[in-house]
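Asker: Structure in structure tokens, see below.
Derivation of every value follows stated rules applied to the coordinates shown; laboratory data play no part. Since this is a predicted model, take the numbers as computed values, not measurements. Cβ: placed from backbone, ideal geometry, glycine included. Neighbour counts: every protein chain shown.
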Amino acid sequence: MAILKILQYPDERLHTVAVPVVQVTDKIRSLIQNMAETMYAAPGIGLAATQVDVHQRIIVIDTSETHDQLLVLINPEIIASHGVSDYEEGCLSVPGIYGKVKRAEAVTVKALNAEGESFVLDANGLLAICIQHEMDHLVGKVFVEYWSQLKQMRTLAKLKKKQRSIM
Ligand code: K1U
Ligand code: ZN
């Protein structure tokens, strides 16, 4: 297994639209293992393939407290949603930045698992938020892009200042 490099906002590659997985092969399963290891090491509760510069529709999520409930979503599609939630989100590609985003409170998602089998999942709470956040990554959208231009500019300035202090 390997820890992968997570792209950092505003890297343009985060705006790439991912393509569907055609076949779930051993190579895809190996990528999934590496994505899971990267997510747990970060630590985070989700990771989209886009964030590790692989532009295929693959997500890993684990919102459990025990960090042993890995959820793999390949070619995810939201087939139903309801309610509104306004949850404070974070992102491994935008470290140190947190802010609210309005999303559906509950979603029903259809996807393939790591064996290539189709399944349907009803999600609510943090899991529903995380699924929507990760699915946004697959279409090249980062959570800060829901915010006003002013707030986005302030966020960029904060990130640049932070980067300068590291160098
Ligand atoms: O997409 C990502 O970069 C992962 C992101 C997922 C997410 C978090 C919160 C709301 C929506 C989506 C993260 O995992 S950020 C880190 C984080 O939330 C966390 C880290 C350690 C423990 C618990 C949470
Ligand atoms: Zn993210």
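Asker: Kindly provide the set of residues from the stretch 18-41 that are hydrophobic (A, V, I, L, M, F, W, C), more than 13 Å from the chain's Cα centre (by Cα) and outside any helix (DSSP H, G or I), ordered by number.
Answerer: Val19, Val21, Val22, Val24 - these are the residues of the stretch 18-41 that are hydrophobic (A, V, I, L, M, F, W, C), more than 13 Å from the chain's Cα centre (by Cα) and outside any helix (DSSP H, G or I).
Asker: Let me ask another. Applying the selection to the stretch 107-129, what residues are farther than 26 Å from Asp26 by Cα and within 15 Å of ligand 1 (Cβ to nearest atom)?
Answerer: If the condition is that a residue be farther than 26 Å from Asp26 by Cα and within 15 Å of ligand 1 (Cβ to nearest atom), then Val107, Ala123, Asn124, Gly125, Leu126, Leu127, Ala128, Ile129 are the ones that fit.
Asker: Residue by residue through the stretch 42-81, note down the ones that are among the hydrophobic types (A, V, I, L, M, F, W, C) and either over 10 Å from the mean Cα position of the chain (by Cα) or at positive phi (or both). Let's see the steps before the verdict.
Answerer: Applying the first criterion (among the hydrophobic types (A, V, I, L, M, F, W, C)) to the stretch 42-81 yields 42, 45, 47-49, 52, 54, 58-61, 70-74, 78-80.
Once the filter is applied, which keeps residues that are among the hydrophobic types (A, V, I, L, M, F, W, C) and either over 10 Å from the mean Cα position of the chain (by Cα) or at positive phi (or both), the stretch 42-81 yields Ala42, Val52, Val54, Leu70, Leu71, Val72, Leu73, Ile74, Ile78, Ile79, Ala80.
Asker: Follow-up. Within the stretch 56-135, which strands (runs of 3 or more DSSP E) (wholly inside it) include 3 or more residues that are within 16 Å of ligand 2 (Cβ to nearest atom) and more than 18 Å from Pro43 (Cβ to Cβ)?
Answerer: 99-103
Asker: Could you list, in sequence order, all residues of the stretch 34-55 that are within 14 Å of ligand 2 (Cβ to nearest atom), under 15 Å from Cys130 (Cα atoms) and small (Gly, Ala, Ser)?
Answerer: Gly44, Gly46, Ala48, Ala49
Asker: Okay, moving on. Out of all the residues in the stretch 82-105, which are of a type in the set (Gly, Ala, Ser) and crowded, with 17+ Cβ neighbours inside 10 Å?
Answerer: Ser85, Ser93, Ala104
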